[in-house]
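To start, the structure under review is shown below, and the notes come after it.
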Amino acid sequence: MKLVQRVDFIKHLCAGRKVLHLGCTNWPYTWESIDANSLLHFELEKTASELYGFDFDQPGLDILAEAGGKNLFRADLEKLDEVPLDETFDVIIAGEMIEHLSNPGLFLKGIQRFMTPATNLIITTINAYSGMRFAIYGLRGKGGLNEPVHPDHVAYYSFRTLSLLLKRANLDISEFCFYDLGPEHRPSSPWYYNFINDICVKFSPQLSDGVIAVCRLPGTEVKSSS
């Protein structure tokens, strides 16, 4: 499986397509991301033919609307049947959000109402076997209590566990790859984190920062993004 840059990979698949972006606000860092020109939603706006955004955090949606965002909907990703929208999409981006969900199976079933057999659902998430995080965790000490983990994360996924979760939701994986620690994160990471990551990835791509699964409704033959 190949190693890619997450943002470049997503933007390539979204070019000229009708796109639904889940978790679009990056709340509570919405203004900071806009000021730094790093908000993925606005990057996608430059390349997608149509762009919609779902997020549960109303303050973030208000900020996005104030900054010019359109087609924004407040949505609980585990209750997508409640969203007042009757549309399907070419590409749906679930970036760095499945690890936040208490019931990912509800999300994976619910999102299918916005899919056709031609829709690419792109799921990106932290790699359970990230070499950088293993090294940081080992060096931090404190009896294993000081984990390098986001305070809102409830799960980590690997190729095997994410594949099984998608299979149980009746979704087929058309492409699976690993993503490297991207340029959007390197400037804010300590140099030794970047160094550890680069050594790990050079040794083995499956020790990278995260994983990407591109999936579809079953029974559709597709070509990879390469």
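In summary, residue 181 fulfils each of the numbered conditions (1) within 18 Å of the chain's Cα centre (by Cα); (2) at pLDDT below 95; (3) open to solvent by 30 Å² or more (accessible area, probe 1.4 Å) with the single exception of condition (3). When residues in the stretch 95-105 are screened for being under 22 Å from residue 32 (Cβ atoms) and either of a type in the set (Gly, Ala, Ser) or in a helix (DSSP H, G or I) (or both), 3 of them pass.
Taking the criterion of being part of a strand (DSSP E or B), open to solvent by less than 20 Å² (accessible area, probe 1.4 Å) and either out of contact with any Leu (no Cβ under 8 Å at 6 or more places or on another chain) or modelled with pLDDT under 95 (or both), the residues of the stretch 123-175 that qualify are 124, 126.
Is the stretch 179-194 home to any residue that is of a type in the set (S, T, N, Q) and part of a strand (DSSP E or B)? Checked the stretch 179-194: no residue is of a type in the set (S, T, N, Q) and part of a strand (DSSP E or B).
When the stretch 86-115 is filtered for residues that are over 16 Å from residue 212 (Cα atoms), touching a strand residue (DSSP E or B) at 6+ places or on another chain (Cβ under 7 Å) and open to solvent by less than 20 Å² (accessible area, probe 1.4 Å), the ones remaining, listed by number, are 89, 111, 114, 115. A search for C-beta distances below 6 Å between a residue of the stretch 1-17 that is of a type outside the set (Phe, Trp, Tyr) and any residue that is assigned to a helix (DSSP H, G or I), counting only pairs 6+ apart in sequence or on different chains, returns 3/205; 14/44. Only one entry in 70, 79 is closer than 22 Å to residue 154 by Cβ and more than 18 Å from the chain's Cα centre (by Cα), namely 79.
The values are calculated or read from the model by the stated rules, or taken from the named source; none is laboratory data. Please read all numbers here as calculations on a predicted model, not as lab measurements. Don't worry about glycine lacking a Cβ; one is built from the backbone with ideal geometry, like all the others, and counts go over all protein chains shown. Remember, those area values only see protein heavy atoms, side chains included, never the ligands or the DNA or RNA. Shrake-Rupley method; radii C 1.70, N 1.55, O 1.52, S 1.80 Å.
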